[in-house]
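Written out below as structure tokens is the structure these notes cover.
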Amino acid sequence: MSSHVKLRKEKVGIVDYDTQIKEVRCQLVDQLKVLDVQLEQKSQQLQDLSDYLRRRGEIESEYSRSLEKLAEKFTSRIKKKEPSSHSSVAQVWLALLSQTRQDSRDHNGLSENCSSVLIQPLTHCLEYTQRLAKKSKDICTLLQDGLLKVTTELQTAWRTYYQYHSDFVCAEGKLREAEKQEEKQKQSAKKLERLIEKRQGKVKEIHLKCSKARNDYLLNLAAVNSSMNKYYLQDISALIDCADVGYHLSLSRVMQAYLSRRWRVQKSLSSGLQQLQDAVSGLDQSRDRDALLQDHYSTFSMPLRFPYQPHDGDQVSEVSAESEMRCELDTRFRQIQTRLKAVTQETEEAGVSVSAARTSLLDGIGDDDLEASQEDGAENNTVKPSAARRRANLQEIENVYFTKVREYLVGSSLVSKLQAKHDLLKVAVEKGIGSFGRVRRNQSAGNLIHNHKLFNGDMLSFIQASGQQIPIVVESCICFINLNGLHHEGIFRVPGSQTEVNALRDAFERGEDPLAERSYDLDSVAGVLKLYFRSLENPLFPIDSTSQLLEHAQISSEAERAAQLKTVICSYPEPVIVVMRYLFAFLHHVSQYSDENMMQPYNLAVCFGPSLLRGDQDDDVVTLQPQINALVKSLIVQHESIFPSQGQVGGPVYEKCMTLEQDDWYDRAKLFLTETLTGASTPASAQSKRPRANSSVWLNHKSCRFQEVFSDVCIFFFFSFRSQPQSSTEDITVQVDKVGLISFLLMFNFSVQQGVKNMF
């Protein structure tokens, strides 16, 4: 690809994202306009050349005077249509008209040839040039939509990061205020100590959320810049090349046939024809592309890189792998690495296919009757009977070629985004230090004594009886997937183990939270979540409103569609709205990782649509399914506009950056060590007493080296022991138990380093 694009250096300093994205949008619109103008110019060139040859056949008998008028006519037209003569096609035109003025006599022998043989290939060239330009424009629009999508995701991640960092600054200020009060008031020291401890915990929690949000923001920032770089440096040139496929070849072949005839008819014109031959040989698609890009430099130049804009006082400017995020980022890094390898291989294969399809397309464009016109004899000037068939085959080859081009460009764009995230995560994981944090507890699991069924029951009755604003199965499964499965390929699409699904369902039905006790397969957890909504006695969306929702989903205007859907949903009971808002915010969060998990909003809609909506008994389920999928997709994409905010309808809301609780790590470490060293699972009776934690974070370490794993665990327990006060005899006993475990871990770590394999 040509290195025509250069970074703009007019602006210095931080640029507001909204302004910058608005400029990018305007630039993308201008690009489509330029491509349209370029198509008009090429069409006009072909039409002009066809007119020229037709007219030339008519005036060959008039010799010099008529030819001179013709040359003047098209010279003036070219000056109006093409103010610059940088392109190779324009050079051909200049040489052709110059030769026409010079050779204005003895062209009667060209009359029949110009009127029939040379016109037909130009007509075909005009047809497929317009088709190729349309298909190229469609791909360009697709790529531009992808750019706008990643910039929108960048804005969302940026705002989320700013929000969490603002909360962190606020919490830190309250902590400092409490510390100042402690220094002034020594009488109520105990109460202030508890207040300070509470605010310290709050500061740590918000700081962790802020770090996660910043990581997501930085990853999106890298993806946007990489996408912009790839689009402006590679995709634009590739699309212009696609639109020009065969255009220069056809023009060259027509002119070659014309020259061949001229050389045979009038050898005395060898000097002028040689000049025209040189101009035709200079037809260069790449040079014309570069000239076009240079003539419209401001339209096709790559915009400024999106700068990192930290919140006030934030000094961290790289992806952070501190605390428990190390395991999460390590898992995400490995998933992206696997995905990147697969997509890279697919893109390379697509690139090979593009080259093969391009060669076939050029061969098809070159398979015409121009060769016959270069031979002597009238019998060679007839059109082959299979010409219509060849044109049909050419259109098939065109479709294959542009399909491969679209796959290659879309795939290479995905590779550039994944590569940017991969590189940042690789550096972060290599620098990360193993430390651990805290996990959110299920706030809805408090009241489990009730007589209402969880599965195959009425959700509204269950919520009212249990006091759980979000049913335990919904919150627990969503929390588990948030911590472990956002990057899992095929989440919700790939079925899990039916045995595990049944076991999880039975445990939740008994009022337990099995995901707090041990690790389960992600696909099984996703299957339980879908099973819960599918098995409800009354679907999440009331049946009597299904037809109204489907009708509103057909509205073309996004704003009006969201407003109508919100009106219907706001008529539901508030507990149902709270669950809907929580679920669809989570599904939207999952769709934001579609580059890694392959679950776009429509794919999620296909998986959840049958579980959330049902038609009347008389309705045809198969007929309604496409409409239901479109409705659920709209709810996922526009969930912020459709569902009431927390200020309008109280209740819990889904949080993107869920974290880990420090109190749960000790028991999870014991469980991990037991399962790792003995290979046996922990009895259910013992599991039921453990607090909830993210077991997969521990289990993910099984794939690592034992030395690294146990070193990190020892460090954690050592600092955990130092940070907890000993306020009672029972606490001292627990601390002693921890010291014993720490000693055991240190001994085991030492034995692993020394290579002692049979210690146990």
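The values are calculated or read from the model by the stated rules, or taken from the named source; none is laboratory data. On a predicted model such as this, the values are computed, not experimentally measured, just so you know. Neighbour counts are summed over all protein chains in view; Cβ atoms, including those assigned to glycine, are modelled from backbone coordinates with ideal geometry.
Yes/no matrix, rows are residues, columns are (1) assigned by TED's automatic domain parsing to the domain that holds residue 138; (2) modelled with pLDDT under 80; (3) not hydroxyl-bearing (Ser, Thr, Tyr):
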| position | (1), (2), (3) |
| --- | --- |
| 9 | no, yes, yes |
| 22 | yes, no, yes |
| 59 | yes, yes, yes |
| 69 | yes, no, yes |
**OP:** Consider only pairs whose beta carbons are under 7 Å apart and that are at least six residues apart or on different chains; among these, list those whose first residue lies in the range 113-138 and is within 24 Å of residue 236 (Cβ to Cβ) and whose second residue is aromatic (Phe, Trp, Tyr).
**Re:** 125/247; 129/247; 135/402
Subject >> Residue within the range 637-644 that is crowded, with 16+ Cβ neighbours inside 10 Å, of a type outside the set (Gly, Ala, Ser) and at pLDDT below 90 present >> reply: yes
Subject >> Odd one out for residue 276 among (1) surrounded by fewer than 22 Cβ atoms within 10 Å (Cβ to Cβ); (2) under 26 Å from residue 125 (Cβ atoms); (3) at pLDDT below 80 >> reply: (1)
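Hey, among 237, 227, which residue is in a helix (DSSP H, G or I) and surrounded by fewer than 22 Cβ atoms within 10 Å (Cβ to Cβ)? Show your work before the answer.
Numbers: 227 fails: surrounded by fewer than 22 Cβ atoms within 10 Å (Cβ to Cβ).
Residue meeting the stated conditions: 237.
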Original post:
Quick one: residue 142 ticks every box in (1) outside any helix (DSSP H, G or I); (2) modelled with pLDDT of 90 or more bar one, so which box is it?
Top reply: (1)
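Yes/no matrix, rows are residues, columns are (1) within 30 Å of residue 655 (Cβ to Cβ); (2) among the small types (Gly, Ala, Ser):
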{"position": "213", "(1), (2)": "yes, yes"}
{"position": "237", "(1), (2)": "no, yes"}
{"position": "248", "(1), (2)": "no, no"}
{"position": "267", "(1), (2)": "no, no"}
{"position": "270", "(1), (2)": "no, yes"}
{"position": "274", "(1), (2)": "no, no"}
{"position": "279", "(1), (2)": "no, yes"}
Subject >> Scan of the range 356-377 for residues that are modelled with pLDDT of 85 or more and out of contact with any helix residue (DSSP H, G or I) (no Cβ under 9 Å at 6 or more places or on another chain), ordered by number >> reply: 359
Subject >> Subset of the range 116-139 [more than 20 Å from residue 45 (Cβ to Cβ) and surrounded by fewer than 17 Cβ atoms within 10 Å (Cβ to Cβ)] >> reply: 116, 138
Original post:
Does residue 53 fit the bill of being assigned to a helix (DSSP H, G or I), touching a Leu at 6+ places or on another chain (Cβ under 7 Å) and modelled with pLDDT of 80 or more?
Top reply: yes
Original post:
Which of the residues belonging to the range 463-519 are in a helix (DSSP H, G or I) and among the basic types (Lys, Arg)?
Top reply: 505
**OP:** Taking the residues in the range 548-564 that are surrounded by 14 or more Cβ atoms within 10 Å (Cβ to Cβ) and out of contact with any His (no Cβ under 7 Å at 6 or more places or on another chain) as candidates, determine which candidate is farthest from residue 628 (Cα to Cα).
**Re:** 563
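Matching residues to (1) at pLDDT 50 or above; (2) surrounded by fewer than 20 Cβ atoms within 10 Å (Cβ to Cβ); (3) outside any helix (DSSP H, G or I):
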residue: 392; (1), (2), (3): yes, yes, no
residue: 430; (1), (2), (3): yes, yes, no
residue: 436; (1), (2), (3): no, no, yes
residue: 441; (1), (2), (3): no, yes, yes
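So that you can scan it fast, the table gives a plain yes or no per residue for (1) among the small types (Gly, Ala, Ser); (2) under 30 Å from residue 413 (Cβ atoms); (3) over 23 Å from the mean Cα position of the chain (by Cα); (4) at pLDDT below 90:
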site: 561; (1), (2), (3), (4): no, yes, yes, no
site: 571; (1), (2), (3), (4): yes, no, yes, no
site: 578; (1), (2), (3), (4): no, no, yes, no
site: 587; (1), (2), (3), (4): no, yes, no, no
site: 593; (1), (2), (3), (4): no, yes, no, yes
Original post:
If you take the residues of the range 73-112 that are acidic (Asp, Glu) and either over 18 Å from residue 273 (Cβ atoms) or at pLDDT 80 or above (or both), which of them is surrounded by the most Cβ atoms within 10 Å (Cβ to Cβ)?
Top reply: 82
